[in-house]
Structure formats: C-alpha cells, structure tokens
Amino acid sequence: MADTATEVATEPHTGPVEFDVTEEQQELRAAVRRFCAEQSDGPAVRRHMESEHGHDPAVWARLGRELGVLGLAVPEELGGAGAGLVEQSIVVEELGAALLCGPVLGTIGLALPALVASSAGPLRDELVPSLVDGSRTAALAAPERAGLFDPHAITVGAVHAGDGWELTGVVPQVVDAAGADLLLVAASGPEGIALFAVPGAAEQVQTEPLTTLDLTRRQATVRMREAPARLLAGADEIDAVLGHAFYTASALLAAEQVGGAQHMLDVTVAYAKERLQFGRPIGSFQAVKHRLADMLVLVEHARSTAQHAAWALQTGSDDPFLATSIAQATCSEAYYRVAADAVQLHGGIGFTWEHEAHLYFKRAVTDAALLGGAEIHRDRIAAAVLDHVRATPGVPPVADGRA
Amino acid sequence: MSTATDAARVEEVAGRVVADHDPRRLPVQEFLGACFDAGLSWVHFPDGLGGLGVSRGLQASADAVLQSAGGPVPFRLNPIGYGMAAPTISEHARSPELARSWLRPLATTEELWCQLFSEPGAGSDLAGLATSAVRDGDTWVVNGQKVWTSLAHRARWALLLARTDPDQPKHKGLTYFVLDMEAAGVRTRPLRQMTGQAEFNEVFLEDARIPDEHRLGAVGDGWRVAMTTLMNERSAIGAGGAERGSGTIADALALWADRPHRRTPVLRDRLAALWTRSEAQRLTSARARRGVASAGSPGPEGSVAKLVSAELNQDVYEFCMDLLGPESTLYSSYEVRRDGREADWRGAVQQRFLRSRANTIEGGTSEVLRNILGERVLGLPGDLRADAGKAWKEVPRG
C-alpha cells in the first residue's frame, strides 16, 4: 500500500492516464451489469430475440431513461452525458457480455456518433435527445468496406422535393433497421453524396427483416421510394461525419467483443471446475487447462486493444485508423476463437440449442464480419505499417556463411 | 514519516551523489560504490546495507536521477546479484556485517553472482532437486550437479538450493545457501547450446564446503526462502513502456524493409499479424503497469507477458527465416566464444532464430506457464501429483 501512495505522491498528476480505472467507471460497470442480470438474463435474451423486432423497446428505454447510458459519449449540450467514449465502451462491453438484444450497434455505435459529428442545427437538436433517452432507435444505412465509408457503393439517389428531399433506392443488410424510428441514409444527390434523416415509419420506406445467423442482432433490407428526407450532412462534411461514425462503431464493437469473450471464458472456466469425467474436474486436465489459458491470453489482448482504441479516439493520442484496426483485428479473432473453444470445452452440451454458447458463438461470427474481419484489418495495418516502410540502419545482421 | 518527505530525501541524496561523483568520469565500480554508501542501490533496504529504509517505489526516482546523469543500469551488470541475491541476503543473512560484506561488492559489481537452482533432473519440477548438503560440524558438504547457470564462470558467489533432508516430502527438505564459487570442489564447465555458443554453464559440486554461517534461513526452509527470492525479483513491470514497433518485431520490420524482392502477399499478412500481436502485448504490458500503479498489484495481464513474448519471439524469427529464403540456410559460425559477447540475441538473424527456441523453455516452460495461468489466475484445480506427500527419496526420478 505504501508503494501506491508513493506513486501518487511522486507522479505529477495531470488528469487520467491511459488504462486507469476510476471509481466512477467501476460503479458504471456494476450498474450496467446489475441491470443486465435483471432485465436481460438468459430466458429474457431468448424471449427478446424471438420477438418481432428482436428486442424489447421497454428495456432499451430504461437503459436510456433510468440508467442514462446510451449517450455517454454525446456532449452535454446535445443532451448526452458528456463522459466519453471510454465510459460508453464500458457499457457496450457489459451489454455484449449479457448479449442484450437491442440496437446497440445501430444506435449507440453508428447513428449517434454520425449525428454528433454533423454540423450543429435544429435537425440535429431534434433527433439526438430521443435516441439518448432510449425512446427512439436509429440505424445507419451507409455502405462500408472494412470499417471505412465506401462512397463508391452508394445505392440510393436523392432529389430535391419542395423544402426537403426524396430518396429512392435499396440498401441491403442494414443492422438494426427493422423497427428503427430513424434511418440515417447516405445518398447521392445533385451536389454529391450526403447524409439524410429518414423517418423509419414513412410509408415510402419498407424495411424487410432478414433472417440472421445471430438472432440477437437483426438486419433488414431498406427499400425507399421517394421517401421524405431531411439533409443532415452535406457533401463537404460526409467523409468526416461517417469517418467518425465508423471509427466509433469499430471501437465500440471491439468493446462488445471483449464483453462476449470474457463471458464465454468465465462460463467455460466455471464449467471446467464442476464437470467431472474420469473422476476429476475436467479443468484439472492440461489439455483443457491450457486451452483455457490460451483463451485468457486472447481476452487480455482483446481488452487492451479495445480500451486503447476508445482512449485513442477520445483523446486523439493515436492514429484512429491504426488504433481501430489493431482493435478490430485482435478482438474479432479473439472473440471468435474464445467462443469456438467454449463450445468445444463444453462438449456435447455446448452444441445444443438449449445452452447459451451457440448464441455467443453466432454473435462472435457476426461481430467478426461486421465492419471488416481480422484479415481485412490486418490488410489495413499492413498498408499503414509495412507497405511504405523504408530500409533503415537498424537491419539485424544476416549470416552469409562466411565467418 | 510521510512519503512526500521520503521522495524529496531520495531525490536530494541522488542529486548529491551525482554532484560529488560524476558517473561520466568515474570508473563504474567507484560510482556504484558511492551509490551504495549513499543508500541508493536498493532504497528500501536498511541504512548501511545500500538502502535508506524508505518505500521500494522510490527506487525509480533514484534511478531516474542517477541514470539521467549518465550512471549505468546496475541490474544489467550484475543481474542475479541485483535482482535476486540482494533482496534474499538483506532479508535472510545471519548478521548485518555479513550482509554488508556481500552487498557492497555486489553493488559495485566487483563480485558477480549466479544462481544454482536448476539441475539436469529438476527443471520444471525444481523442488525435486537432488543436490545434497550434509552437515559436518560447522560446515555443510555439498554434492551434486547444477545446470543452465549463466555467469557461473565469472561469478564469485552463488545462490544455492540443496537437499538437506531426503526423508521429507520434496518442498520440505530443502535449504538455501550462499556458495563461494572459488571454494574447492566447485567446477564450472561451459554448456554448449544449439546455436554453437555457450551462454550458460554446468556446475559440478564435489564435496564443496559451505560454512553454516552462509546458510540463508532455517534448515529445511529453503523453498520458502527461494520463493521470497523469486517474489522479490526486480520485474520488468516497474520499467518504462516500450515504443510501438520496438523489441523483436523491429527485427522483422527492418528485414522486411531491407528485402523488398522477397516480399509476398502471404508473408505480408503474416507480418501484419505478428505486428498486431506485438502491439496487443505491448498495450497489455502498459495496462499491467497501470494496474500495479493504481491497484497495487498486477492483474492477470502481468502473468501473460512471459508466455506471449516467448512464443512471439519464436514466431517472429520463423517469419524472418522464411523471408530470407535460401539465405536462411547459412550461418555465421559455430565456433564457441567466451568473450562476454556470446549472448545470442545480438548475433545474426539465423542465430537469433535458433536462440529463440529456448525462450519457451527458460524461466518457466510455456507448459508450466499455462498451468500457472490456469491454476493461479483462472482458479482451475491442479493436476494429479504422483509425488504428493511422499518422502523425496521414495519418488521415482529419471
């Protein structure tokens, strides 16, 4: 304990340092975990995932209104908590650990950051508060490749109509679009590509729910035919707006992957302690123990990179392109492998519909594919770190066979 | 006494030492002697034993002042001495006079130390070691063989773990000694490794005598003393953070930059994966350091470091060999050097590659480390032990 006091005394303290965990953050985590245990336990997750829109709007509203944890990275002047992305990622991690059904990626991950990054105006002021308090939900219908906005894949056109705009086109596989009150849609108009706000309930909008591998995270095809739209971000700012949205979503998705992986590790460790075969707990066998140790390493690495991504985006301390790719490359692989190993180590019961392992496994598969898989993010890393690297004096000696 | 006062005192003492003894001009041993006399070698040790009796956390403040003035990193000059011997001596030596007579020349690096723990028959199962120490009046007579001893050929003193009671279960029959490496019956032989070099030694003990005064801790309490040694080991956790792209991965990146004609898409993906894993481990170490700073103790992330860095080193050098292609089949020299530069990680890439095979064996095999992660971090039950509760001499060995 004396050492701890010394650290504080000798270190010039100028605000929080990366990887510090504050008391407030611990309380936040505990509160969300408690909420999930009450509102989103195993039976509730199954009930919600089999419901029409794949989640319970009442639970989502309580997350916003009672806990106030949907807009932690949203500035206070917009109705958010103004805490930061680090805090928001703690929440998303816990929601991922509980596999809570709701528009986490669509609303917290993508739509709110896009709105926050858009220029100020009455439209933004109107849309943000109801998403923060959970009374409404949103989805982002913008093409993306490897977690980056892809303007070449736009499939929606925009035309002037009176004071506003009308959008026409089809966007496939929009996460959290079914039942969303608000759709943010990237469309190509006379002045270039822009981002529009479209009411999800408009009769010119059809959201066609898709059967998804992961039933806890729904997708829909969005069809618009002269759908009424209001301009949110013009051609001059859409790159910045969607850049911010996709970087933020990548960091939050990484946090969710950490939460899911940690949960799978925890339940598998617990099972390995109680499951008896050959008269011993299976966790005493090194074949099982060592696989669990490897899962622990994956989770610890994932946690470090996910926290770093959130911190980097919040503080500007690191290149967001690299920080999010490091997190996505690491966390996508970690969650998938941990979930797959969890199924394996549970044996037969892990393959049943009744056990929760398959739900996490499917989420892991889906999360790995969303916003770019590990290979694509490694490719991005290679482009940033390897492709333009020049020969430096630090080349280690290479033996040439001549002593 | 408040820690703020202590901090100011440590910095003041360090400032005075570098003012009176310019490390850039003085011989290293003289400067380190001044540090010892001022109590800056291990600030948490008592006065007169190279310390000031203040919190251990303040060592970093002292080191910062001493090293920024050009002072050496003494740990590198006498690693076993500074990291393992000194804490054990200060805690367990029979008298302060004796402790001081060991610690000052240890601190100045005039006397190097080595560690005689591992044996040909006791690697992962260290507590099963067979070297015996038999009492003969005021001395102990030691017989056995130790192995993988770095610096044994240059060390004046050794930390020795020996069996004093073969009728007890393995952990209970051990006693801890300080052995004079110049004593009769101590023979050191270089141990040649697959790289061709001999970083380590075998040490043969044939009726070597140790005065009872040089025993550390009680007879039969050697395992506990050894554990305090290992717990006190100056770990990397206190050190500053590494830069992105530094360490072993830097070798791979530099080679990649230097050999554009050898690049392929598959190698590119492999290197990107290695770079990402290095980065994840770098961040995990940074997180572990903050955990120690704020929670006072390392979390699981600290235990992960050794396992990951060992396997990462191997994977990085495997990559380097694949990148080199035909060149990888050449070598520098298998001639044994004993000139102090035999450390293989500074040799050619091919030699570093061979050396990396030891990384998952030395300092705890990866298998043992996975057991530790599983049992101590995840709380999984231990494996069945065939030797549990048995007298050491009854346990089959081989």
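Here is a list of conditions, (1) in contact with a Cys (Cβ under 7 Å, 6 or more places away or on another chain); (2) of a type in the set (Ser, Thr, Tyr); (3) surrounded by fewer than 23 Cβ atoms within 10 Å (Cβ to Cβ), and residue A:305 meets all of them except one; can you say which number that is?
Condition (3) is where residue A:305 drops out.
Taking the range A:113-136, which residues are among the hydroxyl-bearing types (Ser, Thr, Tyr) and either closer than 16 Å to residue A:68 by Cα or touching a Gly at 6+ places or on another chain (Cβ under 6 Å) (or both)? Talk me through it step by step, then tell me what you get.
First, pick out the residues of the range A:113-136 that are among the hydroxyl-bearing types (Ser, Thr, Tyr): A:118-119, A:130, A:135.
Across the range A:113-136, the qualifying residues are A:130, A:135.
Return only the number of the condition from (1) in the same structural domain as residue A:276 (by TED's automatic domain parsing); (2) without any contact (Cβ under 8 Å) to a residue 24 or more places away in the chain that residue A:394 does not satisfy.
Condition not satisfied by residue A:394: (1).
Considering only the range B:256-273, state which residues are part of a helix (DSSP H, G or I) and surrounded by fewer than 21 Cβ atoms within 10 Å (Cβ to Cβ). Before you say what the answer is, go through the steps one by one.
Of all residues in the range B:256-273, those part of a helix (DSSP H, G or I) come to B:256-258, B:260-262, B:265-273.
B:257, B:258, B:260, B:261, B:262, B:265, B:266, B:267, B:268, B:269, B:270, B:273 - these are the residues of the range B:256-273 that are part of a helix (DSSP H, G or I) and surrounded by fewer than 21 Cβ atoms within 10 Å (Cβ to Cβ).
Go through (1) outside any loop (DSSP other than H, G, I, E, B); (2) crowded, with 24+ Cβ neighbours inside 10 Å for residue A:100 and report which single condition fails.
(1)
Might you check whether a residue that is of a type in the set (Val, Ile, Thr), in contact with a helix residue (DSSP H, G or I) (Cβ under 6 Å, 6 or more places away or on another chain) and more than 7 Å from chain B (Cβ to nearest Cβ) occurs anywhere in the range A:332-349?
So in the range A:332-349, the residues of a type in the set (Val, Ile, Thr) come out as A:338, A:343, A:349.
Subset that is in contact with a helix residue (DSSP H, G or I) (Cβ under 6 Å, 6 or more places away or on another chain): A:338, A:343.
Within this subset, residues satisfying the condition of being more than 7 Å from chain B (Cβ to nearest Cβ) are A:338, A:343.
For the range A:332-349, residues of a type in the set (Val, Ile, Thr), in contact with a helix residue (DSSP H, G or I) (Cβ under 6 Å, 6 or more places away or on another chain) and more than 7 Å from chain B (Cβ to nearest Cβ): present.
Looking at A:268, A:248, A:211, A:221, can you tell me which residue is surrounded by fewer than 24 Cβ atoms within 10 Å (Cβ to Cβ), touching a residue at least 24 places away in the same chain (Cβ under 8 Å) and of a type in the set (Val, Ile, Thr)? Let's see the steps before the verdict.
Details: A:268 fails: surrounded by fewer than 24 Cβ atoms within 10 Å (Cβ to Cβ); A:248 fails: surrounded by fewer than 24 Cβ atoms within 10 Å (Cβ to Cβ); A:211 fails: touching a residue at least 24 places away in the same chain (Cβ under 8 Å).
So the residue among A:268, A:248, A:211, A:221 that is surrounded by fewer than 24 Cβ atoms within 10 Å (Cβ to Cβ), touching a residue at least 24 places away in the same chain (Cβ under 8 Å) and of a type in the set (Val, Ile, Thr) is A:221.
Residue A:353 fails exactly one of the following numbered conditions: (1) in a loop (DSSP other than H, G, I, E, B); (2) facing chain B (nearest Cβ under 10 Å); (3) closer than 22 Å to residue A:215 by Cβ. What is the number of that condition?
Against the list (1) in a loop (DSSP other than H, G, I, E, B); (2) facing chain B (nearest Cβ under 10 Å); (3) closer than 22 Å to residue A:215 by Cβ, residue A:353 comes up short only on (2).
Would you pick out the residues in the range B:157-213 that are aromatic (Phe, Trp, Tyr) and more than 27 Å from residue B:100 (Cα to Cα)?
Initial filter on the range B:157-213 (aromatic (Phe, Trp, Tyr)): B:157, B:176-177, B:200, B:204.
If the condition is that a residue be aromatic (Phe, Trp, Tyr) and more than 27 Å from residue B:100 (Cα to Cα), then B:200, B:204 are the ones that fit.
Determine whether residue B:37 is outside the structural domain of residue B:82 (by TED's automatic domain parsing) and under 18 Å from residue B:104 (Cβ atoms). Talk me through it step by step, then tell me what you get.
On the way: outside the structural domain of residue B:82 (by TED's automatic domain parsing): yes; under 18 Å from residue B:104 (Cβ atoms): yes.
Judged against the criteria, residue B:37 is a match.
Within the range B:127-147, take every residue that is in contact (Cβ under 8 Å) with a residue 12 or more places away in the chain and not in a strand (DSSP E or B) and give me the one that is nearest to residue B:202 (Cα to Cα).
Result: B:131.
Scanning for something surrounded by fewer than 20 Cβ atoms within 10 Å (Cβ to Cβ), assigned by TED's automatic domain parsing to the domain that holds residue B:188 and closer than 21 Å to residue B:228 by Cα, does the range B:84-93 turn up at least one residue?
Keep residues of the range B:84-93 that are surrounded by fewer than 20 Cβ atoms within 10 Å (Cβ to Cβ), which gives B:91-92.
Adding the requirement that they be assigned by TED's automatic domain parsing to the domain that holds residue B:188 leaves B:91-92.
Imposing the further condition that a residue be closer than 21 Å to residue B:228 by Cα reduces the set to B:91-92.
The answer is yes, given that some residue of the range B:84-93 is surrounded by fewer than 20 Cβ atoms within 10 Å (Cβ to Cβ), assigned by TED's automatic domain parsing to the domain that holds residue B:188 and closer than 21 Å to residue B:228 by Cα.
Mind checking which residues of the range A:68-80 are over 19 Å from the mean Cα position of the chain (by Cα) and either buried (at least 16 other Cβ atoms within 10 Å of the Cβ) or not in a helix (DSSP H, G or I) (or both)? First the steps, then the outcome.
Just the residues of the range A:68-80 that are over 19 Å from the mean Cα position of the chain (by Cα), to begin with: A:75-79.
Passing the criteria: A:75, A:78, A:79.
Just the residues that are assigned to a loop (DSSP other than H, G, I, E, B) and at pLDDT 95 or above, please, taken from the range A:20-49. Write out each step before concluding.
The initial filter retains those residues of the range A:20-49 that are assigned to a loop (DSSP other than H, G, I, E, B), namely A:20-22, A:40-41.
Within the range A:20-49, A:40, A:41 meet the criteria.
Out of all the residues in the range A:243-265, is one or more polar (S, T, N, Q) and over 18 Å from the mean Cα position of the chain (by Cα)? Full working, then the answer.
Of the range A:243-265, the ones polar (S, T, N, Q) are A:248, A:250, A:257, A:262.
Now drop any that are not over 18 Å from the mean Cα position of the chain (by Cα), which leaves none.
So far as the range A:243-265 goes, no, none of its residues is polar (S, T, N, Q) and over 18 Å from the mean Cα position of the chain (by Cα).
Just one of (1) among the charged types (D, E, K, R); (2) within 25 Å of residue B:159 (Cα to Cα); (3) not in a helix (DSSP H, G or I) trips up residue B:22, so point out which.
Residue B:22 satisfies all of (1) among the charged types (D, E, K, R); (2) within 25 Å of residue B:159 (Cα to Cα); (3) not in a helix (DSSP H, G or I) except (2).
Out of the residues in the range B:360-379 that are in a helix (DSSP H, G or I) and at the interface with chain A (Cβ under 7 Å from one of its Cβ atoms), which is surrounded by the most Cβ atoms within 10 Å (Cβ to Cβ)? Show your work before the answer.
Within the range B:360-379, the subset in a helix (DSSP H, G or I) is B:360, B:366-377.
Narrowing the set further to residues that are at the interface with chain A (Cβ under 7 Å from one of its Cβ atoms) leaves B:370-371, B:373-374, B:377.
Values: B:370: 20, B:371: 20, B:373: 24, B:374: 27, B:377: 19.
Going through the qualifying residues, I end up with B:374.
Here are some residues: A:293, A:254. Which one is touching a helix residue (DSSP H, G or I) at 6+ places or on another chain (Cβ under 9 Å), in contact (Cβ under 8 Å) with a residue 24 or more places away in the chain and either hydrophobic (A, V, I, L, M, F, W, C) or at negative phi (or both)? Talk me through it step by step, then tell me what you get.
Numbers: A:293 fails: in contact (Cβ under 8 Å) with a residue 24 or more places away in the chain.
Answer to the selection: A:254.
Of all residues in the range B:195-221, which are hydrophobic (A, V, I, L, M, F, W, C) and modelled with pLDDT of 95 or more?
First, the residues of the range B:195-221 that are hydrophobic (A, V, I, L, M, F, W, C): B:198, B:200, B:203-205, B:208, B:210, B:216, B:218-219.
Residues satisfying the conditions are B:203, B:204, B:205, B:208, B:210, B:216, B:218, B:219.
Restricting attention to the range B:151-173, does a residue exist that is buried (at least 18 other Cβ atoms within 10 Å of the Cβ), at pLDDT below 95 and not assigned by TED's automatic domain parsing to the domain that holds residue B:53?
The answer is yes, given that some residue of the range B:151-173 is buried (at least 18 other Cβ atoms within 10 Å of the Cβ), at pLDDT below 95 and not assigned by TED's automatic domain parsing to the domain that holds residue B:53.
The values are calculated or read from the model by the stated rules, or taken from the named source; none is laboratory data. In this text the structure is predicted, and so the values were computed from the model without any measurement. We place every Cβ from the backbone using ideal geometry, glycine too, and count neighbours over all the protein chains shown.
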